[in-house]
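Taking it in order: structure first as structure tokens, then the write-up.
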Amino acid sequence: MTNTTTDRGFEPIRRANALIEALPYIQQFRGAIVVIKFGGNAMIDPSLSATFAEDIVLLRSVGMKPVVVHGGGPQIGELLAKLGKETAFVDGLRVTDAETLDVARMVLVGKVGRDIVGAINVHGALAVGLSGEDGGLIRARQISDDLGFVGEVVSVDPSIITRLLAEDMIPVISTIGSDSSGQAYNINADTVAGAIAGELKAEKIIYLSDVPGLLTDVTDPASIVARTSVSELQVLIDDGTIAGGMIPKVGAAVDAVRAGVTRAHFLDGRIPHVLLLELFTEAGIGTMITADGALEGVK
């Protein structure tokens, strides 16, 4: 028979222990900038979007400075299909003509970004939506004529972000950039997140996706790499262990660490409150990438 009195007594103790476990990490990361790339099913599942927003608000409430960067490939594809417009891909990047660019801007800035801002602002007037075009935040250039208006990051001017963080606001950034003539480009969100984190010298960049972390065998979740370094990752790329679509994502994380970000993380965004599990528990979750020679045991 279950001893309900004992169970009721244990629950407050369990919750108190969780708070005590979180305390040193709250102290450690107070005032730290954390860039979170939000994507995958977590962005299209309403319940996961809601818990993500709660996590972001909690990070801000304990003194951290979260910056959210998001993509929206599935949503762009869905609207293009409704409009009867076919989409072609080259090396995993969507060929983007002028009409497709208009759809991407509308979806990223006008729909996805607004939805994230709205979910966060349920908890107070905290979030501000930005495009990379705003305030010259992301300067871009065309990757190739074959891809059309698909861009790569030339430079990041973080002034508008730092001003918002100084006001305790939460920037939510859509990954549209522009060149010096004002021409807009759609840019890979993983790359943008890494570039922004590097420019801000963030404490962490966290990539949320639909996998448990970095896997040496994509068919085996048990093959997760819990912790690795920049040089170790390069070996995995060179020997083909990391291949295909993971190479740009890993490359963006490595570039961010090389630019001065203390830690990069790959987490499974399908797990409710995964940000809190990674940041505020001893075990952590997912994959952590450090600079070469970084101390063991440091989150």
Count of segment 144-158 residues which are open to solvent by less than 50 Å² (accessible area, probe 1.4 Å) and not in a strand (DSSP E or B): 3
Which listed residue is under 16 Å from Pro171 (Cα atoms) and open to solvent by less than 60 Å² (accessible area, probe 1.4 Å), from Leu200, Leu215: Leu200
Every residue from segment 162-187 that is among the hydrophobic types (A, V, I, L, M, F, W, C), part of a strand (DSSP E or B) and within 13 Å of Val128 (Cβ to Cβ): Ile170, Val172, Ile173
Flag if Ser223 is open to solvent by less than 50 Å² (accessible area, probe 1.4 Å) and either in contact (Cβ under 8 Å) with a residue 12 or more places away in the chain or more than 21 Å from Gly39 (Cβ to Cβ) (or both): yes
Residue match in segment 28-39 (condition: under 30 Å from Leu108 (Cα atoms) and at pLDDT below 90): yes
Check on Ala189, within 16 Å of the chain's Cα centre (by Cα) and of a type outside the set (S, T, N, Q): yes
One residue from Ala202, Ala264, Ala243, Ala256 being modelled with pLDDT under 90 and either small (Gly, Ala, Ser) or closer than 18 Å to His70 by Cβ (or both): Ala243
Neighbours by Cβ (under 6 Å, 6+ apart or cross-chain): first from segment 259-288, open to solvent by 20 Å² or more (accessible area, probe 1.4 Å); second assigned to a loop (DSSP other than H, G, I, E, B): Gly260/Lys201; Thr262/Glu203; Leu277/Ile285
Residues (closer than 15 Å to Phe149 by Cβ, open to solvent by less than 50 Å² (accessible area, probe 1.4 Å) and among the hydrophobic types (A, V, I, L, M, F, W, C)) located in segment 75-92: Ile76, Leu80
Set Arg114, Arg141, Arg105: member being open to solvent by 50 Å² or more (accessible area, probe 1.4 Å) and in contact (Cβ under 8 Å) with a residue 60 or more places away in the chain: Arg105
Condition broken by Gly251, with the remaining ones in (1) over 25 Å from Gly71 (Cβ atoms); (2) modelled with pLDDT of 85 or more satisfied: (1)
Pair list, Cβ under 9 Å, 6 or more apart: segment 188-205 residue under 25 Å from Gly63 (Cβ atoms) and outside any helix (DSSP H, G or I), other residue of a type in the set (Phe, Trp, Tyr) and open to solvent by less than 10 Å² (accessible area, probe 1.4 Å): Glu203/Phe29; Lys204/Phe29
Residue that is farthest from the chain's Cα centre (by Cα), among those in segment 245-257 that are open to solvent by 40 Å² or more (accessible area, probe 1.4 Å) and without any contact (Cβ under 8 Å) to a residue 40 or more places away in the chain: Ile247
Sole exception among (1) part of a loop (DSSP other than H, G, I, E, B); (2) free of Cβ contacts under 8 Å to residues at least 24 places away in the same chain for Val235, by number: (1)
Enumeration of residues in segment 37-56 that are in a helix (DSSP H, G or I) and either open to solvent by less than 20 Å² (accessible area, probe 1.4 Å) or in contact with a Pro (Cβ under 7 Å, 6 or more places away or on another chain) (or both): Ala42, Ile44, Leu48, Thr51, Phe52, Ala53, Asp55, Ile56
Of all residues making up segment 16-44, the number that are within 17 Å of Tyr207 (Cβ to Cβ) and basic (Lys, Arg): 1
Test result for Ile242, β-branched (Val, Ile, Thr), buried (at least 19 other Cβ atoms within 10 Å of the Cβ) and not in a helix (DSSP H, G or I): yes
Condition broken by Asp168, with the remaining ones in (1) closer than 13 Å to Ile33 by Cβ; (2) open to solvent by less than 50 Å² (accessible area, probe 1.4 Å) satisfied: (2)
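The values are calculated or read from the model by the stated rules, or taken from the named source; none is laboratory data. In this text the structure is predicted, and so the values were computed from the model without any measurement. Cβ sites come from the backbone with ideal geometry, for glycine too, and all protein chains shown count toward neighbours. Surface accessibility is based on the protein's heavy atoms, side chains included, excluding ligands, DNA and RNA. Shrake-Rupley method; radii C 1.70, N 1.55, O 1.52, S 1.80 Å.
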